[in-house]
Amino acid sequence: MKSLILRTTTRPIIVVLLLISIFLLLRGHDLPGGGFIGGLVAAAAAALYAIAFGADAAARLLRVRPELLVGWGMAATVVAGLLGMLAGREFLTGLWWVIAVGDQELKLSTPLLFDVGVYLVVVGVILRFVLSLEER
Amino acid sequence: MSALLVAPVVWPLATAAILVLLQGRLPIQRTLSTASAAVQLALAAVLLARVATQGILVVQFGGWDAPFGISFVADHLSAVMVLVNGIMGTAVAVYALRDLDADRERLGYHPMFHVLLAGVNGAFLTGDLFNLYVWFELLLIASFVLLTLGNRREQLEGGIKYVAANLVASMLLLTGIGLLYGATGTLNMADLALKLPLVPDGLATTLAMIFLVAFGIKAAIFPLFFWLPASYHTPPVAISALFGGMLTKVGVYALLRGFTLLFVADVALTHGLLAWIAGITMVVGVLGAAAQTEFRKILSFHIVSQIGYMVMGLAFFTPLGLGGAVFYMVHNIFAKANLFLIAGIARWYAGSFELKKLGGLYRHRPLLAVLFVIAAFSLAGFPPLSGFWAKLVVIRAGFEVQAWPLVAVSLSVGLLTLYSMTKIWLAAFWSPAPAGVELRAGPAPALLYAPVVALALLTLAMGFASAPFFALAERIGAELTDPTGYVRAVLGEAAAAAFVAQGGAR
């Protein structure tokens, strides 16, 4: 769609949307948010870009094919489940690594890896839909 | 042990992830897909062996104990169904190597196939009702993609009916799960078995009916089966065979589990209703098949008809009836899927699924004719093939509870099944090829024949060496009739004692 207004507003909105999506992804373990909703917001950002600038431009911006995101996302979720088992616990048991950064602490965990996987799958699937529809 | 129990789900999902990343590289995808299906079969065999020696196995995901976490439970029924899914997955993966066109493979057949296998295994193994819903959704999405892959007009038409019916079922299932959670505060199936007896009778029966409809749509029982004959004949044969053999049986499995473990408060009502449904499903399916003249459509209607026999075994609600239902289900998966695969080979020679355009296959390919006879006559219940024993057990269970009308119906439906199978035999195999139909010189690729021969051998084994299969079915029947062992395995000794004190043990 060649609309100057849409194209001009899309650029700042995308930045905000992507930041919100990462914010939602990271706070998702204890608070509302998580990989699924974060992925949807990121996909919405990419979809907006595809509507404003066309599917080709969106695909170029993304660099990888959406299918690959799905594959890596699925792999990440499976690995997140298996890591618990490698540690000698049940499947999908959460493992936590707390790293001190200054006076804050950074919590890394297998649930986070799981959520990142979900995030990638959601972004990949939705983008595949959007790009296919925009190409028509 | 924990690894063995999650492997039937994790293995195919990991395979699917890798296959997605290999998208477009067909030779590697084909090899990996087939090899992975074979490994899954091996894992399932080990699981069943372990269950047979150690009894019911349980895993609590994430280390959260039941009823708070999600449990995976493998009793004999679950382990057998996972093994059967492994066999079917391997057979279809091999068959698809020659049956499927490269276009469909490029569109993502291979990963979706493994997602489907994972969904089916998950549904068999889960011990949590909401988790069951999730696996149902997973297999529904995968099956929808497989059903419509290729975008032919008839596929989309069948696909819409399939998805519409199954989404209604999923919504009902979710509604029922919500109500059940509101009434009992738990969704762990073993815990529900403990807490459902405390729910007032009227509410319990309402819940049972909601689940009956939800599972019933997925199992394709009367009057909720219309989507099945409208869609199952549209995709390529390899996919049809997996659907026709495996998918509706997931619904039957859910009925078996739900109406032995959970909804047993008013057996006279619920299982009495199931008996009616069983009889009508049998008759309507077989009459529908008699009116069809397309190979795969006849088979599709027979799927519905045969679901009736399985529900009949469940309706009797005796160890023999339940074991018989499971024996019937396993026999039927092998025989039915094999008939679909044989239809595919028949088409390879004659170029059509229409009985009018088929003919002369007996003279052209005697081996194919023999394979057809094994599967078809087993389906019709001819001694000494597996279908005969399957029917015999279910009908004997009917004698025990003196359900004469249902026994009579099931016997006459058997004759009508024979009629349909004879119709295919006469048209496609015995009579000469119709004018203008040139049979392709053979033989068809060995990879098409191999799974058909393997499944035929299984049918023969279940017929001629039925003792071990019976022993297993008997054990499953006993486990389903008295779920105390299931409750003990998931929740521990104290809960099992409470279950027995409530009168749950039978």
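Inspect all residues belonging to the stretch B:94-112 and state whether any of them is away from chain A (no Cβ under 12 Å), of a type outside the set (Lys, Arg) and within 17 Å of the chain's Cα centre (by Cα). Among the residues of the stretch B:94-112, not one is away from chain A (no Cβ under 12 Å), of a type outside the set (Lys, Arg) and within 17 Å of the chain's Cα centre (by Cα), which makes the answer no.
Just one of the numbered conditions (1) assigned to a helix (DSSP H, G or I); (2) open to solvent by less than 20 Å² (accessible area, probe 1.4 Å) is not true of B:Ala164: (2).
The condition of being assigned to a helix (DSSP H, G or I), touching a Pro at 6+ places or on another chain (Cβ under 8 Å), among the small types (Gly, Ala, Ser) and surrounded by fewer than 24 Cβ atoms within 10 Å (Cβ to Cβ) holds for B:Gly288.
With B:Leu4, B:Leu43, B:Leu21, B:Leu26 as the choices, which residue is more than 23 Å from B:Tyr95 (Cβ to Cβ), of a type in the set (A, V, I, L, M, F, W, C) and touching a residue at least 40 places away in the same chain (Cβ under 8 Å)? Before you say what the answer is, go through the steps one by one.
Details: B:Leu43 fails: more than 23 Å from B:Tyr95 (Cβ to Cβ); B:Leu21 fails: touching a residue at least 40 places away in the same chain (Cβ under 8 Å); B:Leu26 fails: more than 23 Å from B:Tyr95 (Cβ to Cβ).
Of B:Leu4, B:Leu43, B:Leu21, B:Leu26, the one residue that is more than 23 Å from B:Tyr95 (Cβ to Cβ), of a type in the set (A, V, I, L, M, F, W, C) and touching a residue at least 40 places away in the same chain (Cβ under 8 Å) is B:Leu4.
Let's see how each residue does on (1) modelled with pLDDT under 95; (2) of a type in the set (A, V, I, L, M, F, W, C); (3) at positive phi:
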position: A:Val16; (1), (2), (3): no, yes, no
position: A:Leu26; (1), (2), (3): yes, yes, no
position: A:Asp30; (1), (2), (3): yes, no, no
position: A:Gly33; (1), (2), (3): yes, no, yes
position: A:Val41; (1), (2), (3): no, yes, no
position: A:Ala46; (1), (2), (3): yes, yes, no
position: A:Tyr49; (1), (2), (3): yes, no, no
position: A:Asp56; (1), (2), (3): yes, no, no
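For B:Phe353, the test of being closer than 18 Å to B:Leu458 by Cβ and under 24 Å from the mean Cα position of the chain (by Cα) is failed.
Starting from residues that are free of Cβ contacts under 8 Å to residues at least 40 places away in the same chain and in a loop (DSSP other than H, G, I, E, B), keep the ones in the stretch B:449-492 and report whichever is nearest to B:Gly313 (Cα to Cα). Across the stretch B:449-492, the extreme among qualifying residues is B:Asp482.
Identify the residue in the stretch B:9-28 that is part of a loop (DSSP other than H, G, I, E, B) and not polar (S, T, N, Q) and, among all such residues, is most open to solvent (accessible area, probe 1.4 Å). So that I can check it myself, show each step before the final result.
Taking the stretch B:9-28 first, the residues part of a loop (DSSP other than H, G, I, E, B) are B:22-25.
Filter once more, keeping what is not polar (S, T, N, Q): B:22, B:24-25.
On the way: B:Leu22: 31, B:Gly24: 48, B:Arg25: 134 Å².
That would be B:Arg25.
Considering the stretch B:48-69 alone, what residues qualify as being more than 14 Å from chain A (Cβ to nearest Cβ) and under 20 Å from B:Gly119 (Cβ atoms)? Show your work before the answer.
First, pick out the residues of the stretch B:48-69 that are more than 14 Å from chain A (Cβ to nearest Cβ): B:48-56, B:67.
Selection gives B:Leu48 alone.
B:Pro445 falls short on exactly one of the conditions (1) loosely packed, with under 15 Cβ neighbours inside 10 Å; (2) under 24 Å from B:Ala52 (Cα atoms), and that condition is (2).
Matching residues to (1) under 14 Å from B:Ile424 (Cβ atoms); (2) in contact (Cβ under 8 Å) with a residue 12 or more places away in the chain:
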site: B:Tyr349; (1), (2): no, yes
site: B:Glu354; (1), (2): yes, yes
site: B:Pro366; (1), (2): no, no
site: B:Leu371; (1), (2): yes, yes
site: B:Phe382; (1), (2): no, yes
site: B:Leu385; (1), (2): no, yes
site: B:Ala390; (1), (2): no, yes
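Please find, within the stretch B:33-42, the residue that is farthest from the chain's Cα centre (by Cα) out of those that are open to solvent by 10 Å² or more (accessible area, probe 1.4 Å) and closer than 12 Å to B:Trp11 by Cα. Reasoning before the result, please.
Step one: list which residues in the stretch B:33-42 are open to solvent by 10 Å² or more (accessible area, probe 1.4 Å), which gives B:34-35, B:38-39, B:41-42.
Remaining after also requiring closer than 12 Å to B:Trp11 by Cα: B:35, B:38-39, B:41-42.
Working: B:Ala35: 23, B:Ala38: 19, B:Val39: 21, B:Leu41: 16, B:Ala42: 19 Å.
It comes out as B:Ala35.
Quick check: is even one residue across the stretch B:245-256 over 30 Å from B:His110 (Cα atoms) and surrounded by 24 or more Cβ atoms within 10 Å (Cβ to Cβ)? Please lay out each step first, then the result.
Taking the stretch B:245-256 and keeping what is over 30 Å from B:His110 (Cα atoms), we get B:256.
In the following step, the residues that additionally are surrounded by 24 or more Cβ atoms within 10 Å (Cβ to Cβ) were identified as B:256.
Yes, the conditions are met somewhere in the stretch B:245-256.
Scanning the stretch B:481-504 for residues that are farther than 19 Å from B:Gly69 by Cα and surrounded by 20 or more Cβ atoms within 10 Å (Cβ to Cβ) gives B:Pro483, B:Phe499. Residues considered: B:Ile333, B:Ile345. Of these, the only one that is among the β-branched types (Val, Ile, Thr), in contact (Cβ under 8 Å) with a residue 12 or more places away in the chain and either more than 27 Å from B:Ala471 (Cβ to Cβ) or open to solvent by 10 Å² or more (accessible area, probe 1.4 Å) (or both) is B:Ile345.
Here B:Arg396 clears all of (1) touching a Leu at 6+ places or on another chain (Cβ under 8 Å); (2) open to solvent by less than 60 Å² (accessible area, probe 1.4 Å) except the condition numbered (2).
Of A:Leu95, A:Leu69, A:Leu83, all but one fail to be within 25 Å of B:Leu13 (Cβ to Cβ), open to solvent by less than 70 Å² (accessible area, probe 1.4 Å) and at the interface with chain B (Cβ under 10 Å from one of its Cβ atoms); the exception is A:Leu69. For the stretch B:23-37, the set of residues classified as of a type outside the set (Gly, Ala, Ser), over 19 Å from B:Leu448 (Cα atoms) and more than 8 Å from chain A (Cβ to nearest Cβ) consists of B:Arg25, B:Ile28, listed by residue number.
Being open to solvent by 10 Å² or more (accessible area, probe 1.4 Å), outside any helix (DSSP H, G or I) and within 22 Å of B:Ala290 (Cα to Cα) is a property that B:Phe382 has.
Number of residues in the stretch A:54-66 that are within 11 Å of chain B (Cβ to nearest Cβ) and open to solvent by less than 30 Å² (accessible area, probe 1.4 Å): the value is 1. Applying the condition of being open to solvent by less than 10 Å² (accessible area, probe 1.4 Å) and either touching a Ser or Thr at 6+ places or on another chain (Cβ under 8 Å) or not in a helix (DSSP H, G or I) (or both) to the stretch B:141-159 and asking which residue is farthest from the other protein chains (Cβ to nearest Cβ) yields B:Gly158. Could you check B:Ala45 against (1) surrounded by 19 or more Cβ atoms within 10 Å (Cβ to Cβ); (2) part of a helix (DSSP H, G or I); (3) away from every other protein chain (no Cβ under 14 Å) and say which number it fails? Single failed check for B:Ala45: (1).
If the condition is being exposed (fewer than 14 other Cβ atoms within 10 Å of the Cβ) and either under 12 Å from the mean Cα position of the chain (by Cα) or within 17 Å of A:Ser109 (Cβ to Cβ) (or both), then the stretch A:1-21 contributes only A:Leu19.
Does the stretch B:426-436 include one or more residues that are crowded, with 22+ Cβ neighbours inside 10 Å and either modelled with pLDDT under 90 or farther than 17 Å from B:Gly324 by Cβ (or both)? Write out each step before concluding.
Filtering the stretch B:426-436 down to residues crowded, with 22+ Cβ neighbours inside 10 Å leaves B:428-429.
Still in the list and also either modelled with pLDDT under 90 or farther than 17 Å from B:Gly324 by Cβ (or both): B:428-429.
Yes, the stretch B:426-436 contains a residue that is crowded, with 22+ Cβ neighbours inside 10 Å and either modelled with pLDDT under 90 or farther than 17 Å from B:Gly324 by Cβ (or both).
Would you mind stating whether A:Phe114 is within 14 Å of chain B (Cβ to nearest Cβ), open to solvent by 40 Å² or more (accessible area, probe 1.4 Å) and either closer than 20 Å to B:Ala14 by Cβ or among the acidic types (Asp, Glu) (or both)? Answer is yes for this residue.
For the structure I just gave you, tell me whether A:Val122 is more than 10 Å from chain B (Cβ to nearest Cβ) and either touching a residue at least 40 places away in the same chain (Cβ under 8 Å) or closer than 30 Å to A:Leu4 by Cβ (or both). Against the criterion (more than 10 Å from chain B (Cβ to nearest Cβ) and either touching a residue at least 40 places away in the same chain (Cβ under 8 Å) or closer than 30 Å to A:Leu4 by Cβ (or both)), A:Val122 qualifies.
Of the residues making up the stretch B:80-126, just one is among the acidic types (Asp, Glu) and open to solvent by less than 10 Å² (accessible area, probe 1.4 Å), namely B:Glu105.
The values are calculated or read from the model by the stated rules, or taken from the named source; none is laboratory data. The structure presented is a predicted model; accordingly, all values stated were derived computationally and were not measured. Here Cβ is always computed from backbone atoms with ideal geometry, including for glycine, and neighbour counts include all displayed protein chains. Ligands, DNA and RNA are excluded from the accessible area calculation, which covers all protein heavy atoms including side chains. Shrake-Rupley method; radii C 1.70, N 1.55, O 1.52, S 1.80 Å.
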